[in-house]
Amino acid sequence: ETGVTQSPTHLIKTRGQQVTLRCSSQSGHNTVSWYQQALGQGPQFIFQYYREEENGRGNFPPRFSGLQFPNYSSELNVNALELDDSALYLCASSLGGLRNNEQFFGPGTRLTVL
Amino acid sequence: AQSVSQHNHHVILSEAASLELGCNYSYGGTVNLFWYVQYPGQHLQLLLKYFSGDPLVKGIKGFEAEFIKSKFSFNLRKPSVQWSDTAEYFCAVNAGTSGTYKYIFGTGTRLKVLA
């Protein structure tokens, strides 16, 4: 059974740029959630995709967008990067909608915005 | 707004001591409750969860948590901690209805167990 993988592991961008982060869900999982974890904070829910459609969203602006593909892998896109976007971005996969079962987390992508 | 509060940011215990980590949430509707743990150098992983039924739930590694609806609390307990329990613990709530779900984490509690 393959766990959740994320790429890249680290990324450095400058303000105003755009970034795409990628996530492969655990085998058999059809739901992917994305989180932003700033230093010393808990993960903040960005959004969730279930069967290729957004199924829930946290308090993040529209410049945070996502996609889920037919194989259930997912991308997180952030436009017009700001310094405060520097954080660890976590992807989690699960089977079913948000209420069902546990989420399996990946190792995260560390994004630094200069 | 929905929120999750973890009252203890850092806890230091000796082995065999009892542990209780507080978690309170604010949300008026039906919630599902979770505790996640992150061991040093590892991913977040589920410790235990509450969906419905018996408010006392048991998880892995001897942990348990009690859901007290009237207090909006879901405290984590372990009767006797071990050095290997050193980790960061996160309480989480998911709330909402289909299409509007939100998953809310607390800020975490760093537990250090002294051998």
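Checking the structure you have, find out if any residue of segment A:17-35 is free of Cβ contacts under 8 Å to residues at least 24 places away in the same chain and within 12 Å of another protein chain (Cβ to nearest Cβ). No, there is no match, as no residue in segment A:17-35 is free of Cβ contacts under 8 Å to residues at least 24 places away in the same chain and within 12 Å of another protein chain (Cβ to nearest Cβ). Per the conditions (1) open to solvent by 50 Å² or more (accessible area, probe 1.4 Å); (2) more than 26 Å from B:Glu15 (Cβ to Cβ), the sole criterion not satisfied by B:Val93 is (1).
Restricted to segment B:19-59, and to residues that are open to solvent by 80 Å² or more (accessible area, probe 1.4 Å) and in a loop (DSSP other than H, G, I, E, B), which residue is nearest to B:Ser80 (Cα to Cα)? Within segment B:19-59, the match that is nearest to B:Ser80 (Cα to Cα) is B:Pro40. For segment B:97-115, taking the residues that are outside any strand (DSSP E or B) and touching a residue at least 24 places away in the same chain (Cβ under 8 Å), the one that is surrounded by the fewest Cβ atoms within 10 Å (Cβ to Cβ) is identified as B:Ala115.
Consider segment B:4-13. How many of its residues are open to solvent by less than 70 Å² (accessible area, probe 1.4 Å) and either more than 11 Å from chain A (Cβ to nearest Cβ) or part of a loop (DSSP other than H, G, I, E, B) (or both)? Reasoning before the result, please.
Of segment B:4-13, the ones open to solvent by less than 70 Å² (accessible area, probe 1.4 Å) are B:4-6, B:8, B:11, B:13.
Among the residues that remain, those that are also either more than 11 Å from chain A (Cβ to nearest Cβ) or part of a loop (DSSP other than H, G, I, E, B) (or both) are: B:6, B:8, B:11, B:13.
So the count comes out to 4.
Here A:Leu21, A:Leu11, A:Leu39 are screened, and the one residue that is assigned to a strand (DSSP E or B), of a type in the set (A, V, I, L, M, F, W, C) and within 29 Å of B:Ser3 (Cα to Cα) is A:Leu21. The condition of being over 15 Å from A:Gln103 (Cβ atoms), among the acidic types (Asp, Glu), within 13 Å of the chain's Cα centre (by Cα) and open to solvent by 50 Å² or more (accessible area, probe 1.4 Å) does not hold for B:Glu88.
Scanning segment A:59-75 for residues that are hydrophobic (A, V, I, L, M, F, W, C) and under 18 Å from A:Asp85 (Cβ atoms), we see that the one that is farthest from the chain's Cα centre (by Cα) is A:Phe60.
A:Leu67 passes every criterion in (1) open to solvent by 70 Å² or more (accessible area, probe 1.4 Å); (2) more than 10 Å from chain B (Cβ to nearest Cβ); (3) outside any strand (DSSP E or B) apart from (3).
The values are calculated or read from the model by the stated rules, or taken from the named source; none is laboratory data. In this text the structure is predicted, and so the values were computed from the model without any measurement. Don't worry about glycine lacking a Cβ; one is built from the backbone with ideal geometry, like all the others, and counts go over all protein chains shown. Heads up: the accessible areas ignore ligands, DNA and RNA and are worked out on the full protein's heavy atoms, side chains in. Shrake-Rupley method; radii C 1.70, N 1.55, O 1.52, S 1.80 Å.
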